[in-house]
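So the structure is just underneath, and the comments pick up after that.
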2 protein chains.
Amino acid sequence: MCQLLGMNANTPTDVMFSFTGLATRADEHKDGFGIGFFEGKGVRLFVDEHSARQSPVAELVKTYPIHSNQVIAHIRKATQGRVALENTHPFVRELWGRYWVFAHNGDLKDFRPRLHGQFRPVGDTDSEHAFCWIMQELAKAHAGVPAIDELGCTLRELLPQLHRHGTFNMLLSNGEALWAHGSTKLHWLVRQHPFGAASLRDEDVTVNFASVTTPRDRVAVIATEPLTAHEPWQAFAPGELRVFVDGAPR
Amino acid sequence: MCQLLGMNANTPTDVMFSFTGLATRADEHKDGFGIGFFEGKGVRLFVDEHSARQSPVAELVKTYPIHSNQVIAHIRKATQGRVALENTHPFVRELWGRYWVFAHNGDLKDFRPRLHGQFRPVGDTDSEHAFCWIMQELAKAHAGVPAIDELGCTLRELLPQLHRHGTFNMLLSNGEALWAHGSTKLHWLVRQHPFGAASLRDEDVTVNFASVTTPRDRVAVIATEPLTAHEPWQAFAPGELRVFVDGAPR
């Protein structure tokens, strides 16, 4: 299984703490990593086919505070597709003049729908194929960027068709909101005022969020497994889709 | 004027030396930088809206040897479009299951053709608009990835239509070849056996290529202005299009 990390915030926030927690799990997930940051409508994507433990790119992400409202990260253990840069999540496509960022954890069996539209996979993973299919179907269902709730309705129709083929934990963002779909393992958490301290489960790192936030800051974190001890992480139900806007589930 | 740097090689090669030369010119070109590396069909894109002089991302690119056959880099001095991540070159799109990377130096006046196809700009630069138009027209002209020479024929029809609107120095790659179009200022150079030493014009850095190459290595470098002293840089004629394959012009 790969590991996912998502962040949705009402104010640009860095993910150095959470990404450090994710990267400690990279021993078992050594087949590359990637992280995409929305900054306004722009996207900054760092990918490396080396483990997040050793990669100098991962080191930069852990130490350079990139402030973003929407982040999607992934560390990979290859199930389908070679270990290669083009198979490294997250994947990015443009539709309606916006970037869309997607990462998937799981394994889809026998899911190779015909792609007749404008989106084609560059690599050979089931995940990128599924992403291209989602983008194709979104492009058919709407004429331009739909409102967040409308897009949620369309995804609620599309995602069960994927989930039926196997494990489909997923994160998707267009910079305005972050959609998370649970299948076998996905957790979420909201951090807001009054902020406390949190400690990573896998590494001896503690952050006192009260000292680095203002009372109006709010951040939702989504991760395959809870990254911290003593915080109220909640599990997604199988097939549950949640959309996060301004740091909270909607 | 922005500054462009392109590299096309017959063996995966790092561009730390040339990028260091480019980054020294970032004092005047402080509105962001970007660099895209093809690794097989995959693309690794580093962008930052900070100057390549100060950016930790640029520091990584100068010190982490990323080996690639096709590189396109750009340092930006904004003429059209705000200083923002979504306006930072190079731009990337997917077509026919391949990534396409594009960077532009210049300024197109009154060039806003209607985009009726699948490619829309995310930011507000003339450059990204021109790139979307090129991709749209390529998608209309071919049913799948064309051979390099066929693609060159199509570009020879398309690019004069852009050049007519202003300055259009451009680099474009799909990972197989690198197309360079000269307008006002663009130079190229091939380094091959027997390799010598080269010194950056703007910085006290010298590399003896003979010690880091094999006799069959060949690298073409394309840059707005010659990056090194005492090497036979050649200027592009206005309107000249060249395609570089395996480290040499074709």
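Numbers at a glance
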item: Among the residues listed as B:D202, B:D110, the single one being part of a loop (DSSP other than H, G, I, E, B), among the charged types (D, E, K, R) and under 25 Å from B:T13 (Cα atoms); result: B:D202
item: Filter result (of a type in the set (K, R) and either under 13 Å from B:M16 (Cα atoms) or part of a strand (DSSP E or B) (or both)) within segment B:205-223; result: B:R218
item: Lone unmet requirement of (1) more than 11 Å from chain A (Cβ to nearest Cβ); (2) surrounded by 17 or more Cβ atoms within 10 Å (Cβ to Cβ); (3) not in a helix (DSSP H, G or I); (4) not β-branched (V, I, T) for B:E94; result: (1)
item: For B:D107: the one exception among (1) under 17 Å from the mean Cα position of the chain (by Cα); (2) crowded, with 21+ Cβ neighbours inside 10 Å; (3) away from every other protein chain (no Cβ under 13 Å); (4) over 29 Å from A:G32 (Cα atoms); result: (2)
item: Qualifying residue in segment A:80-91 (condition: surrounded by fewer than 16 Cβ atoms within 10 Å (Cβ to Cβ), within 8 Å of chain B (Cβ to nearest Cβ), touching a Leu at 6+ places or on another chain (Cβ under 9 Å) and of a type outside the set (A, V, I, L, M, F, W, C)); result: no
item: Positions within segment B:110-134 being facing another protein chain (nearest Cβ under 10 Å) and charged (D, E, K, R), in sequence order; result: B:R120, B:D124, B:E128
item: Selection count where residues are farther than 17 Å from A:A78 by Cα and within 14 Å of chain B (Cβ to nearest Cβ), scope segment A:18-36; result: 1
item: Considering residues of segment B:60-76 that are among the polar types (S, T, N, Q) and touching a strand residue (DSSP E or B) at 6+ places or on another chain (Cβ under 6 Å) only, the residue nearest to the other protein chains (Cβ to nearest Cβ); result: B:S68
item: Criterion: within 14 Å of chain A (Cβ to nearest Cβ), polar (S, T, N, Q) and surrounded by 19 or more Cβ atoms within 10 Å (Cβ to Cβ) - qualifying residue of B:S55, B:S51; result: B:S55
item: Selected residue (only one of A:E137, A:E39 is touching a residue at least 12 places away in the same chain (Cβ under 8 Å) and more than 13 Å from chain B (Cβ to nearest Cβ)); result: A:E137
item: Sole residue being over 30 Å from B:M16 (Cβ atoms) and modelled with pLDDT of 95 or more, chosen from B:P146, B:P113; result: B:P146
item: Every pair of residues 6+ apart whose Cβ atoms lie under 6 Å, when the first sits in segment B:204-223 and is closer than 18 Å to B:P249 by Cα while the second is of a type in the set (K, R); result: B:V219/B:R191
item: Per-region count, segment A:122-137, residues of a type outside the set (S, T, Y), in a loop (DSSP other than H, G, I, E, B) and at pLDDT below 95; result: 1
item: Considering residues of segment B:27-85 that are among the hydroxyl-bearing types (S, T, Y) and assigned to a loop (DSSP other than H, G, I, E, B) only, the residue farthest from B:K109 (Cα to Cα); result: B:Y64
item: Residue satisfying condition, being in a helix (DSSP H, G or I) and among the hydrophobic types (A, V, I, L, M, F, W, C), within set A:L162, A:L171; result: A:L162
item: So A:F119, is it assigned to a helix (DSSP H, G or I), modelled with pLDDT of 95 or more and not basic (K, R); result: no
item: Residue list for segment B:189-208, restricted to those being in contact with a Gly (Cβ under 9 Å, 6 or more places away or on another chain) and either among the acidic types (D, E) or within 30 Å of B:L151 (Cβ to Cβ) (or both); result: B:V190, B:R191, B:Q192, B:D202, B:E203
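The values are calculated or read from the model by the stated rules, or taken from the named source; none is laboratory data. Just so you know, these numbers come straight off a predicted model, no measurement behind them. Neighbour counts are summed over all protein chains in view; Cβ atoms, including those assigned to glycine, are modelled from backbone coordinates with ideal geometry.
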